[in-house]
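Working notes for the structure below.
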Amino acid sequence: MQRDSFYDNARVGLIFLVVFGHLLQPYTNLSTGTQTLYTWIYTFHMPAFILVSGFFARGSSEPNYIKNLIKKLLLPYIIFQIIYTGYYFLIGKPNYQNDLFDPQWSLWFLLSLFSWHLLLILFKKMPTYLSITIAVAIGLLVGYINDIGSAYSLSRTFAFFPFFLVGYFLTKEQLAVLKKPIFRTFSIIIMVTIAVFIYIVPDFNSGWLLASKSYSHLGLPTTGAFARSLVYFTSSLMVMSFFSLVPSRKFSFTYIGERTLYIYLLHGFFIQFIRETDLLNITHTFHLIGLVLLSFALLYVLSQRITVALFEPIIELKFKPKKAKPN
């Protein structure tokens with residue numbers, strides 16, 4: 001199947017924001033501008049990533065669908081959950097999770113992605129608008145369950161599922177509409193306006209964008225559904241704006257879009273080491289340029305063929321047979 005540069009470019013941009021956002025997180029208190037940038041990134045980068053995942057979610061009618069999901073998502077999750085648990089212990093990270101199904105840090109995405117594919121088996125049988133409406137309703141109501149949280153990635157699974165479902169039902173033609181010049185102009189206006197709003201209201205709790213806690217934990221036990229509705233609306237506008245600005249032509253870096261899973265799973269080893277050792281001395285907003293350059297460096301290193309070859313056996317569970325020696 002021939003790859004589409006548009007989607008690979010989108011993946012490159014999103015995985016860069018994932019890495020940069022994780023590098024930036026410890027320094028959000030540096031200034032209002034830093035906090036604004038961090039929050040602005042989180043309004044759309046994971047919803048957009050999830051939407052792309054839903055767009056390519058096919059084959060749910062195949063007989064080995066669940067078996068393939070276990071091999072592609074669940075087993076790598078278990079492997080990396082164990083690896084990260086040991087790694088966190090070695091670097092002295094406090095309060096690390098030792099429960100197999102309480103995901104370590106960014107591993108929630110694999111567990112949720114597995115669950116979204118399973119939910120898709122049921123939801124794809126419904127009419128599009130009904131399916132999405134039910135998913136949104138569940139995403140809003142689930143926040144009222146006080147005990148819901150990071151365990152089994154349940155909170156994020158249900159809160160972000162509407163974006164996965166929209167991606168599944170979305171067509172290339174519908175997405176192409178966003179590429180019209182008028183939509184691109186509006187996209188810039190929307191993204192700038194939301195950035196200004198975040199700057200004006202710097203006390204916004206970014207936990208609403210992470211979707212990993214119940215409404216009571218976020219301080220709105222009664223009106224939480226209304227707050228999440230606003231988050232859904234804002235994230236939807238930002239996601240559409242992002243895709244409107246993604247270029248369609250192939251670049252020298254477009255290939256990175258094929259290897260985002262490797263970057264996603266492996267960059268945490270660097271991020272957590274940097275955090276635990278205070279390796280970076282970020283004391284001025286100008287230093288953020290260094291974080292941008294470091295993010296690009298991680299993308300480059302973790303997307304190289306040698307990296308893929310080394311980690312393919314534990315990420316994709318592919319083992320290349322040894323070539324027989326010539327007689």
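Structure values in brief
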read-out: Rounded Å value of the spacing that divides the Cα centres of the stretch 61-110 and the stretch 245-260; value: 27
read-out: Carbon and sulfur %, accessible surface of the stretch 14-168 computed with the full protein complex present, 1.4 Å; value: 64
read-out: Alpha-carbon centroid distance for the pair the stretch 1-25 / the stretch 123-185, whole angstrom; value: 20
read-out: Distant alpha-carbon pairs in the stretch 44-149 (separation over 24 angstrom), percent; value: 37
read-out: For the chain, built as a Gaussian network whose Cα springs stay under 10 Å, the top-fluctuating residue of Gly21, Gly92, Gly13; value: Gly92
read-out: Using distinct alpha-carbon pairs, which all enter the 1/r mean, Kirkwood radius of the stretch 82-220 in Å; value: 17.7
read-out: Estimated 222 nm signal from helices in the chain, with DSSP H stretches of n ≥ 4 weighted -39500 (n - 2.57), rounded to 500; value: -20000 deg cm²/dmol
read-out: Those trypsin sites (Lys or Arg not before Pro) in the stretch 226-327 that DSSP places in a loop and that have at most 13 other beta carbons within 10 Å; value: Arg249, Lys318, Lys322, Lys323
read-out: Average accessible surface area per residue within the stretch 67-134, 1.4 Å rolling probe, Å²; value: 52
read-out: Solvent-accessible heavy-atom area per residue, rounded to whole Å², over the stretch 1-44 at 1.4 Å; value: 35
read-out: Normalised alpha carbon radius of gyration of the stretch 228-327 [divisor 2.2 N^0.38 Å]; value: 1.50
read-out: Shape metrics for the stretch 1-88, restricted to C-alpha atoms - Rg then Dmax, Å; value: 17.1, 53
read-out: Alpha-carbon spread of the chain, three principal axes, descending order, Å; value: 72, 52, 45
read-out: Value in Å of the Kirkwood radius, where the stretch 153-262 supplies the Cα pairs that are averaged; value: 16.3
read-out: Axial C-alpha extent at least 24 Å, average Kyte-Doolittle at least 1.6 - helices from the chain (DSSP); value: 181-200
read-out: Highest-fluctuation residue, Pro221, Pro94, Pro162 considered, GNM on the chain with Cα pairs under 10 Å; value: Pro94
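The values are calculated or read from the model by the stated rules, or taken from the named source; none is laboratory data. Quick caveat, the model's predicted, so the values are computed rather than measured. Every residue, glycine among them, receives a Cβ derived from its backbone with ideal geometry; neighbour counts consider all protein chains shown. Note: accessible area is taken over every heavy atom of the protein model, side chains too, but ligands, DNA and RNA are not part of it. Shrake-Rupley method; radii C 1.70, N 1.55, O 1.52, S 1.80 Å.
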